[in-house]
Structures are given as structure tokens and as C-alpha cells.
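Have a look at the structure below, then the notes.
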Amino acid sequence: LKQHIGSICARRVLRGALQWRAGGAMAERVIVVGGGLAGLSAACELLEQGCNVCIIEKETNLGGNSSKATCGIAAPGSALQKAAGVQDAAGDLCAEGPAAQALIQAGPGDVQWITSVLGVDSELVLRLTPGHGRQPRTIGTKTHFPGAVVTYAAIHVLQQVATAKPDRLQIITSARVTGLTKGSGGKVCGVAFEQGGEKKTLNGSVVMASGGYAGDLSATSVLSKYAPTLKQLPTTNDERASGDALALCTSAGAAVEALDKVEVIPTAAIIPGQDDAKFKVVISDAISGAGGKLLNAQGKRFVEELATAKERTAAMQASTASPPFRLVISAKDATAVQWMCDFYTQRKVMKKYGSAAELAREMGVPNLDASVGTGPVFSAMITPALYSCQGGLKTGWQQASAGKVLTAAGAPVPGLYAAGEAT
């Protein structure tokens, strides 16, 4: 569900968190933990609503895993779909339940809000991608990866605000939050953090947007406890996705849910010479949407490329052919994503061949599936890898509880909110 809508929808889940008025006065400060897209979107919204904001990021730079996103935002009913004459009722997504329906209803406005705020409307393009039927639904970008375009635009906007109005926005980097502080009635009223070896505290309501936990493959990780079989897979997440929010918030009474649910993506690249690396680069699903084919070691298609990630991964695992599998796109089809294929080729994620027959010879097979064609092709060896966390902190989604972190009994933890992959 989070993949379908994207952490752009942090705007919606934080609407409930904006009810911080007491006698007409806005709270003095809101602390946003995490500088990925969910945290940056939350900061934009909070500033827009008149709050003072402090962003705390454990890394040197803002951006998080969001800055590496390669595909886009699946947003049924978006302005781009309407301009293209695409009618998209999103029945497949609405079937997931009332929470999905609420997100889908609010999604077009939320996407329009963030892209307008960041000034990236002219960079956007509508794409066909796997898992969303056969109509274009995903908002991508024209010449750069969408995660970089949107995230860096947000960083630029917020850095300008922090410079011009430091009383409204403070950005603290290279700082790790070590605990939540609580006041009377169990309300979360701030954070404790370490920066440069110094222990510090900061007061304010807290929005937890520190990402998921699919980057920690250690013996003490969330994956080891709740999804040990998945831990054997490589991951497309780096060490930033370590589940910080879970430990911090459960100590304050928060509940967690569905921690065994981690999405596996089938198109993580096996870079020559790095076959056994646990961290893998994910290849954008936009390439499959443009006509890329999934081939087994015998050079044959074995699954519908526009199927869901779950279905494509299952087909790879059920295949009687030995790995490696390949994502192959003809140079003709690649024109729609040319810059992307060139980028991957330059970084040895993909390789260009003068003809399909040349690739077949390297694979040691008579020929490739006829769907690939006979002309020049781009190819990448691929493997399933951990991608995004479907579980996390238990949060509300209805109006009265939207964005609020909940206890196991369903009651809000006062002063504590969450967004993005932390939820």
C-alpha cells in the first residue's frame, strides 16, 4: 500500500498532527526525525501551517533512501492522467480496504501539492509500470530519477527557509536520536540525541519519519526476529534503513504491526564482480513498463513483466531454470527510457549488445525469446532483493487519528506522530 501511494502522502497522514492549537496558539516546535521524503514533506506542510520545525537527520546529508527512488509515484486520478485522457478508478488498489480508499481519494491533491510547492511540475511524466495494470498510472520524471528530483528539490526549498528564517526551521544533521522524552500524562514532549559525541535534548511534539528496517541484516535486526527467511536475501536498502523508529517509539508505548511483511522486488541488479554483495542496486520498473522482458537462463520469458512484484518474484523462485535471470529491453523500446538505460550502462548495471544474437551467444543459448526482437538490446542480470517495509509503527488513518502513533489498544500516544516507511 505504501508503495502504491508513496511517502508523498505524508501530507495527508499528518493532517491530524496539525491539530496542535491550544487557545488559538500553535505549538512552539515540532521535531521531525528523519530527512527522507516523508520527513521533508512533513516539514513543508508544518511550515505551511505555521509551525516551527526542527529536522533531525542521523546522516551527514538529507535525502534518505527516498533520494534513490528510481520509478515514481503511483497516483491514480492525478492531473497527468487526466491530461492524457486516462480514466483510472483504481479499483485494484481500492480493493485493499478503506485505508487504501482514503489514501487514493486524497492522493491526487497531495501529489499536486508537493510537486507545486517544490516547483517540479515541468519535470514530470506519466509512465506505465508493473503492478498497475495496462494503463499509465505512475508519475516519473523526464531525464533524472524521480527520487533525486523530488527529494533534492525539497532539500533546496527547506535549506532556503532555514537560512532565511532560522527561527522557523532548524536542520540538524549527523545527529542520532537516542530516546523520546515524556511529560505529564505520558505525552511525548521531545527527544534526546547525540551529535559529535555530545548529548543534547530538544523539546517539542515529535513526527517520526526515519524510514524502514530493510537495510539491517544483522543478527539483532528486526528482520532477524520477524522475517528470518527474508534476511537471507540481498537488500536494496542501505544502512540508513535500520528500524530506528521502532525501538524509539515502542519504548514510549507505541504498538507495531506486520513486521514480517517486507516487499521483495525482482529486479535488483547483479553487477559483474559483485555477485555476492548484500547491497544491490534496484533497476527501475520503468524499463519493464517500456517493454523490457524478463528472461530465464535459457533465454525464454517466464512471467508477465507487468505483473506485481510479488508475482514476478514468485515466478523467479518457481522457475526450473537456474539463475541468473535477465531484464532485457530492445534498443527500439528503450528510446522511451533512453537516459535510464544509458545511465545503467555507464555504471555497468546494464550492458548493451549489438544484437539479440550476441547476447544469446554470451548466455550460451541458441536464441532469445522472439519478443526481444533481433536488433541491439540492453541487458542486466537480476535477482530478488528486499525493497520496502509494509509493516512498522501502528498509526491511525481516519480523520480523528490520522498520523497519530497508536498503542496496542488503539489509543493515540500523545505528542507522537509518524509518516512514511516508519509506519
Inset, instruction - In whole angstrom, note down how far apart the Cα centers of region 309-358 and region 172-196 are. - result: 45 Å
Inset, instruction - With a 10 Å radius around each residue's Cβ, average the other Cβ atoms per peptide and rank 297-304, 230-237, 385-392, highest first. - result: 385-392, 230-237, 297-304
Legend entry - Relative contact order %, region 164-229, counting alpha carbon pairs below 8 Å whose residues are six or more apart: 18 percent
Inset, instruction - Mind jotting down the distance between the C-alpha centroids of region 237-308 and region 27-80, whole Å? - result: 22 Å
Inset, instruction - Starting with the highest mean, order 185-196, 87-98 by the number of other Cβ atoms within 10 Å, averaged over the residues of each peptide. - result: 185-196, 87-98
Legend entry - Label-point gap, in nm, between residue 219 and residue 178 - each point 7 angstrom along Cα→Cβ: 2.5 nm
Inset, instruction - For Rg and Dmax of the Cα atoms in Å, several values are listed as [x] 22.5, 72; [y] 25.0, 86; [z] 22.0, 77; flag the one computed from this structure. - result: [z]
Inset, instruction - Please build a GNM for the chain, connecting alpha carbons under 10 Å apart, and tell me which residue among 347, 312, 29 fluctuates the most. - result: 347
Legend entry - Fraction of antiparallel bridges per DSSP, the chain only, in percent to nearest 5: 70 percent
Legend entry - Label-to-label distance, nm, for residues given as residue 317 and residue 400 (7 Å Cα→Cβ offset): 4.0 nm
Legend entry - region 97-129-region 139-166 distance, computed between alpha-carbon centres (Å): 16 Å
Inset, instruction - Kindly point out which whole DSSP H helices in the chain project their C-alpha atoms 20 angstrom or further along the helix axis while averaging a Kyte-Doolittle hydropathy of 0.0 or above. - result: 98-118, 146-164
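With a 10 Å radius around each residue's Cβ, average the other Cβ atoms per peptide and rank 362-369, 102-109, highest first.
Working: 362-369: 15.1, 102-109: 19.2.
My ranking of the peptides, most packed first, is 102-109, 362-369.
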Legend entry - Label-point separation, residue 361 to residue 49 (7 Å along Cα→Cβ), nm: 6.3 nm
Inset, instruction - Filter the cross-link list 225/278; 225/280; 58/82; 231/394; 68/351; 300/351 down to pairs whose alpha-carbon distance in this structure exceeds 29 Å. - result: 58/82
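With a cut-off of 8 Å between alpha carbons and a minimum separation of six or more residues, what is the relative contact order of region 337-423 in percent? Intermediate values should be presented prior to the final figure.
Details: 95 pairs, mean separation 17.8, N = 87.
It comes to 20 percent, rounded to a whole number.
Determine the calculated [θ] at 222 nm for the chain from helices alone, applying -39500 (n - 2.57) to every DSSP H run no shorter than 4 residues and normalising by the residue count; nearest 500 deg cm²/dmol. Let's see the in-between values first.
Numbers: 14 runs with 117 residues, N = 423.
Using -39500 (n - 2.57) per qualifying helix, the result is -7500 deg cm²/dmol.
Laboratory data are not the source of any read-out in this text; all were calculated from the coordinates shown. Keep in mind that what you see is a predicted model, and the values were worked out from it rather than measured. No Cβ is skipped: glycine too gets one built from the backbone with ideal geometry, and neighbour counts run over all protein chains shown.
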